[in-house]
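The values are calculated or read from the model by the stated rules, or taken from the named source; none is laboratory data. Keep in mind that what you see is a predicted model, and the values were worked out from it rather than measured. With ideal geometry, Cβ positions are generated from the backbone for all residues, glycine too; neighbour counts draw on all protein chains shown.
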Amino acid sequence: MRKIYILSLILLLWAIPVLGANTHSTALASASKQYWSITKATQTGLDITGSMTIEAWVKFTTLPTSVAPVSIASRYQTNSRAFLFYITESGGVYTIALVLAKAASTNNDGGERSQTITLTTGTWIHLAAVFNATAETIEFFKDGTSLGSGDSDTDHIYNGSQALEFGANSPHDRFYLNGKLDDIRMWNDVRTQSEIEDNMSVELVGDEDNLQGYWKFNNDAGVDQTSNDNDLTNINSAVFSTDIPTWAAADTCTCPSGDWYVNSSDNCYLAANCDLDTGGLYLLNTGEGSFNIIDGAELSVTGLESTSTDINVEAGGKILFK
């Protein structure tokens, strides 16, 4: 059994996210037509033509309407289209939708999929749209739960010249969000339900595989956290807010002097440069916990009593199996 436990740990070493560290969001006023944008000429990796996942935290001050739908993310105008991820309303029913262009045309010849969604004002929600180019499907998620999937009617996205915009679709002078956005992520692959749910409240590093753009809006002028440097332009003076989604808090674990047990459901960091190979061998016994090894810390494992333990290792961290 120990070999199974150790294997489960090794398979988790690729994951590097760290809990917490979300400090700000961006607040957008639709009346002022505020949004964030980056032109195609200045971006790297955001002109995705195959599989794509878009994630964002959203908090509505006012809800979308049929005459004032809300765009989460878009690259969409006549003859320069790629996609439009938006929410609209009809007869009191809200619909989340992803439109995909598959050719340069004035007609709506792209794929589109929509799904009903329950919305309220004043509450943070996590939204995701996933386009699977191979399966030709689109799936939507709210707070990590699938809202359903269906045919996309296309196996690719047309790479138009329109800028990428968050919180608006400015070429149509509408779709402006009246509310807040936070922690937007764009991937050029299909994110699974478990990947979305497990990481939506976890700060990423920025070098995760297939992550093409990552904007935390932590009072940082729209800086992209990936090496693609897709920094955003602030349109019409959007502001930052300390109103943020509730993320899991991380406890701080001090360096132990003997056997170390992390109680069930704890989520723990190690302090910088803790040398857990000095002064004893350490037993993990976590149950449902998540454990982060950071800043060159070392963890010696002599036993493991749960396969649900998540161990995330940053550069310089070590796990020693004994």
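Here are a few things to note about the model shown:
- Selection count, region 25-45, where residues are farther than 13 Å from Val223 by Cα and aromatic (Phe, Trp, Tyr): 1
- Among the conditions (1) small (Gly, Ala, Ser); (2) crowded, with 19+ Cβ neighbours inside 10 Å; (3) touching a Gly at 6+ places or on another chain (Cβ under 8 Å), the only one that Ala104 does not satisfy is (2).
- Unmet requirement for Gln115, which otherwise passes all of (1) out of contact with any Ser or Thr (no Cβ under 6 Å at 6 or more places or on another chain); (2) at positive phi: (2)
- If the condition is being of a type in the set (D, E, K, R) and either outside the structural domain of Met186 (by TED's automatic domain parsing) or not in a strand (DSSP E or B) (or both), then region 142-157 contributes Asp143, Asp153, Asp155.
- Members of region 168-178 that are more than 17 Å from Ala82 (Cβ to Cβ) and crowded, with 21+ Cβ neighbours inside 10 Å: Tyr176, Leu177
- Test: residue in region 78-85 that is under 15 Å from Ile117 (Cβ atoms), modelled with pLDDT of 95 or more, surrounded by 14 or more Cβ atoms within 10 Å (Cβ to Cβ) and touching a Lys or Arg at 6+ places or on another chain (Cβ under 7 Å): no
- Within region 109-137, the set of residues being more than 16 Å from Ser74 (Cα to Cα) and β-branched (Val, Ile, Thr) comprises Thr116, Ile117, Thr118, Thr120, Thr121, Thr123, Ile125, Thr134, Thr137.
- So Thr88, is it surrounded by fewer than 18 Cβ atoms within 10 Å (Cβ to Cβ), part of a strand (DSSP E or B) and free of Cβ contacts under 8 Å to residues at least 40 places away in the same chain: no
- Across region 60-77, the qualifying residues are those that are in contact with a Lys or Arg (Cβ under 8 Å, 6 or more places away or on another chain) and buried (at least 19 other Cβ atoms within 10 Å of the Cβ), and the one among them that is modelled with the highest pLDDT is Pro69.
- Restricting attention to region 109-141, the residues being part of a strand (DSSP E or B) and among the charged types (D, E, K, R) number 3.
- Qualifying residue in region 154-164 (condition: modelled with pLDDT of 95 or more and acidic (Asp, Glu)): no
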